[in-house]
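Reviewing the structure listed below.
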2 protein chains.
Amino acid sequence: MAKILIVDDEDKIRNVVREYADFEGYEVEEARDGMEAVDICKTKDFDIIIMDIMMPRLDGFSASKEIRKKKQIPIIMLSARGEEYDKLFGFEIGIDDYVVKPFSPKELMARVRAVLKRNSQQAQGDVLKFEGLEINIAGREVIVDGEKVTMTPKEYDLLFYLVKNKNLALTREKLLEEVWGFDFYGDDRTVDTHIKMLRNSLGEYRKFIVTLRGMGYKFEAN
Amino acid sequence: MAKILIVDDEDKIRNVVREYADFEGYEVEEARDGMEAVDICKTKDFDIIIMDIMMPRLDGFSASKEIRKKKQIPIIMLSARGEEYDKLFGFEIGIDDYVVKPFSPKELMARVRAVLKRNSQQAQGDVLKFEGLEINIAGREVIVDGEKVTMTPKEYDLLFYLVKNKNLALTREKLLEEVWGFDFYGDDRTVDTHIKMLRNSLGEYRKFIVTLRGMGYKFEAN
DNA sequence: GGATGATTTTAACAATCCATTTATTAACAA
DNA sequence: TTGTTAATAAATGGATTGTTAAAATCATCC
């Protein structure tokens with residue numbers, strides 16, 4: 001079942017969310033402020049984060065920004081009425097939803113379900129489109145200008161990981177860890193070779209795969 | 001009119017169900033526990049089974065599993081409040097509905113009607129066609145170029161699951177879990193063997209089953 | 001309840017495919 | 001320019017899947 005991280009400095013809020021989320025069968029973890037949230041996210045993966053805005057040490061906006069630098073996790077924001085309300089809409093990272101305090105736990109859970117569903121559907125049937133490049137992750141299918149392209153397993157895995165983390169700088173170490181697995185003890189350059197083959201498979205859309213000299217690679221697109 | 005099998009060790013329950021089902025014009029047969037239910041199902045066909053979970057000799061889960069091995073009869077489960085409640089959701093066989101004791105007989109009958117209706121609709125219209133390959137899931141029938149093909153149970157199950165999830169990449173683990181059941185602790189390659197036999201059965205339409213190297217299989221068609 | 005036949009699973013081998021390494025060339029930045 | 005980093009190409013060893021046969025399990029019939 002999905003894992004939730006609830007980030008809020010008020011015990012009462014965390015407890016209410018935990019109670020309801022438990023009941024719905026979600027796995028819940030807590031953080032007391034933005035700093036803690038960022039730390040926890042370094043070692044653990046969540047399917048969704050519920051984050052308060054006003055918190056000591058590190059506020060919700062900054063924390064989200066920090067976390068999103070590394071992982072594309074959906075985030076629901078909690079905001080007191082009026083407080084920082086405007087910022088939500090100008091927020092660059094693109095939060096997935098927001099709920100105004102005081103909120104009904106049932107409504108919050110409904111939002112969580114909606115966001116999770118939206119995201120899982122995206123992972124499933126949805127075809128991601130970047131100009132003439134179509135990527136169907138659930139169907140393991142890649143189409144270039146209407147033509148189906150067959151790739152090797154590693155090419156698929158690599159492309160999907162890049163796309164799932166588009167616009168994020170990814171080091172070779174990170175790619176090896178995530179795409180190859182933590183138990184891979186090979187050469188860094190292996191990534192290069194696969195990037196090359198992937199670029200060949202993508203034809204003109206190789207342009208989406210950007211080399212970050214001295215760093216790694218990035219899938220750059222909207 | 002539809003035939004119902006009510007399986008429960010409490011006389012009171014069986015009597016109440018019989019009374020209401022009689023009134024609605026259903027034909028009713030009774031079994032006192034899972035073992036009896038399995039036996040009766042060997043010789044007689046029912047349109048729906050209402051099955052208690054907690055019973056002497058053979059519990060409702062095991063009995064359902066046993067019966068479903070041979071026949072695809074819709075099953076409504078009866079469970080005492082709380083008791084085994086969780087299991088219902090993790091139950092792989094896919095029960096059609098469940099009712100918590102103590103239940104209102106009227107509600108139970110409504111569920112029975114709903115399930116019967118749902119199933120009869122499915123049984124009728126659901127013939128999937130992929131060129132010369134016709135698949136009637138509810139009727140457990142597969143036709144290749146007008147000729148009915150007989151397959152082994154596992155072949156049917158595998159084909160149906162693939163078709164129900166067409167165009168979706170399915171790992172061997174997923175297939176084992178969904179087609180074989182969560183309690184199967186065998187070899188991954190068992191899937192391969194069954195895929196091969198299935199391909200043989202499908203003749204030229206084997207083309208719909210594509211191998212996803214490094215991943216699993218997929219039924220690819222529109 | 002044991003024998004028989006059908007089905008399922010495992011195991012082994014063959015065929016194919018592809019991941020990684022290595023070597024070389026090209027591109028870049030100081 | 002020069003040292004560093006990335007792109008490319010080719011070879012081989014390993015991994016994955018297809019296929020077959022035999023063993024194990026299950027179901028059914030006397």
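Bear in mind that the values in this text are calculations on the coordinates, not laboratory data. Owing to the predicted nature of the structure, the values given are computational and were not obtained by experimental measurement. Note that we place each Cβ from the backbone using ideal geometry, even for glycine, and neighbour counts take in every protein chain shown.
Key figures
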| quantity | calculated |
| --- | --- |
| Antiparallel DSSP beta bridges within the protein assembly as shown, as percent of all bridges there, nearest 5 | 50 percent |
| Nearby aspartates and glutamates by direct alpha-carbon distance to A:Lys70 (threshold 13 angstrom, same-chain neighbours under 8 apart not counted) | A:Asp39, A:Asp45, A:Glu178 |
| Descending semi-axes in whole angstrom, ellipsoid equivalent of region B:127-219, from the Cα gyration tensor | 21, 14, 12 |
| Pseudo-label separations to other copies for B:Met54 - Cα-to-Cβ vector, 7 Å, nm | 5.0 |
| Given chain A, longest segment not containing exposed loop trypsin sites (Lys or Arg not before Pro) (DSSP; at most 13 other Cβ within 10 Å) | A:82-212 |
| 20 Å-binned pair-distance histogram of the protein assembly as shown (Cα, whole percent) | 20, 43, 33, 5 |
| Additional length obtainable on full extension of the chain from A:Asn167 to A:Phe23, 0.36 nm per residue less Cα span | 48.2 nm |
| Listed pairs B:Lys65/B:Lys106; B:Lys65/B:Lys148; B:Lys65/B:Lys129; B:Lys71/B:Lys218; A:Lys42/B:Lys196 exceeding 32 Å between Cα atoms | A:Lys42/B:Lys196 |
| Extension reserve of the B:Lys117-B:Lys44 stretch, reckoned as 0.36 nm per residue once the Cα distance is removed | 24.2 nm |
| Extension reserve of the A:Arg189-A:Glu177 stretch, reckoned as 0.36 nm per residue once the Cα distance is removed | 2.9 nm |
| Label spacing, shortest first and in nm, from A:Met215 to its equivalents in the remaining copies (7 angstrom along Cα→Cβ) | 2.9 |
| Integer Hz, Karplus 6.51/-1.76/1.60 couplings in order for region B:22-27, x for Gly and Pro | 4, 4, 7, x, 7, 8 |
| C-alpha center-to-center spacing [region A:138-162, region A:9-34] in angstrom | 38 Å |
| For chain A, fraction of C-alpha pairs farther apart than 32 Å, in % | 28 percent |
| Neighbour cut-off at most 11 other Cβ (10 Å), DSSP loop, chymotrypsin sites (Phe, Trp or Tyr not before Pro), region A:118-214 | A:Phe182, A:Phe184, A:Tyr185 |
